[in-house]
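Novice: So that we are looking at the same thing, I have put the structure below in structure tokens.
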């Protein structure tokens, strides 16, 4: 690496570290004020405060690192512009591409690091922080509840649920066996899915079968597009502490679960969207670093720390709002999972390219 590139990378790394520390600190401060009442109410030990917030840091870094990349590039180029070093480098034959290359390569490295963190580190620390808050602080039992292949007994019924999604009040693959007093099958009801509403569970794509209790012969079979489901449980009954949410799952676990559900004929949409979003998210590091270059050149000498923070938060907030909105379209099947997860990245890449083309470099 040439001396000039080491010099540029040194400046950038210091500004990136400062930006990352600022954003992580702000995030932790907000998180502290949101959670402190829970800790005080349950008279939690100081060590639990420390353990909880330490386990939150990997998730926070994965979320704010794109903002730190944006601010790092923005402040580095802005500082060079303000001191006339950028003009001197270009006058000496060093192109803008060579000037920004070390910073963009670092953003690529951050992308790969965050991908690895999303697979191996972040889900584990999220589980630990949730365990500390729910079990160690609030004192709730640390029960483990399967989200798939659930077996329940309700009076004279045995219920099998292929997949429970309490966060969207949905069940997939519901089978209800109704028995008589001698534990002989009277009726079997199969539903492809069920959605909870004010009046209870509403099953879709239902098959009802009536059996002769003496012989077990099939008496009647009916196919119904929709009907109420006689199930006393509500979505909150599936929210048992320890139940793993999608944010607790690794990328490979989301992929395996989505593939398994698809093979079995159930709807894997939510898991597919979350899987692609977990992969697409880290690439925001490259996009934000790329986007910061034309902004820094346009702002010229008027760049300050306050402006850098404000611009980074503004662009980052816009990106996360657009990304969240597109994911919502993915969850509702308006967009395919791949499109919903990657569309925000594509839009911001196009915006950065347009800014480059309209900026005098």
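Please treat every number below as a calculation from the coordinates, not as lab data. Because the structure is a prediction, the values reported are computed rather than measured. Cβ: placed from backbone, ideal geometry, glycine included. Neighbour counts: every protein chain shown.
Novice: Which of 163, 347 comes first, and how do the rest follow, when ranked by fewest Cβ neighbours within 10 Å?
Specialist: Ascending number of Cβ neighbours within 10 Å: 347, 163.
Novice: Relative to the compact globular guide of 2.2 N^0.38 Å, what is the alpha carbon radius of gyration of the stretch 148-239, as a ratio?
Specialist: Output field value: 1.09.
Novice: Right, here's the next one. Which whole-number value in Å³ per residue fits the convex hull of the alpha carbons of the chain?
Specialist: Hull volume over Cα atoms, normalised by residue count, gives 168 Å³.
Novice: Another question, if that's okay. Kindly rank 331-338, 73-80, 101-108 from highest to lowest mean number of other beta carbons found within 10 Å of each residue.
Specialist: Taking the mean over residues of other Cβ atoms within 10 Å, the ranking is 73-80, 101-108, 331-338.
Novice: At q = 0.10, 0.12, 0.13, 0.15 Å⁻¹, what is the base-10 log of I(q)/I(0) for the stretch 51-196 according to the Debye formula with one equal point scatterer per Cα and no solvent? Please give it to two decimals.
Specialist: -0.66, -0.78, -0.84, -0.94
Novice: Helix 269-280 versus the longest principal axis of the chain: what angle, 0 to 90°, nearest 10, using Cα atoms?
Specialist: Relative to the chain, helix 269-280 is tipped by roughly 20 degrees.
Novice: On a 0 to 90 degree scale, rounded to 10, what angle separates helix 337-357 from the longest Cα axis of the chain?
Specialist: Between helix and principal axis, roughly 10 degrees.
Novice: Related question: Which angle from 0 to 90°, rounded to the nearest 10, does the C-alpha axis of helix 3-41 make with the longest principal axis of the chain?
Specialist: The angle comes out at about 40 degrees.
Novice: Follow-up. Pairs of alpha-carbon atoms within less than 8 angstrom and 6+ residues apart define the contacts here; what relative contact order does the chain have, in percent?
Specialist: Computed value for the chain: 19 percent relative contact order.
Novice: Compactness ratio of the stretch 168-293: Cα Rg over 2.2 N^0.38 Å, N = residue count?
Specialist: 1.49
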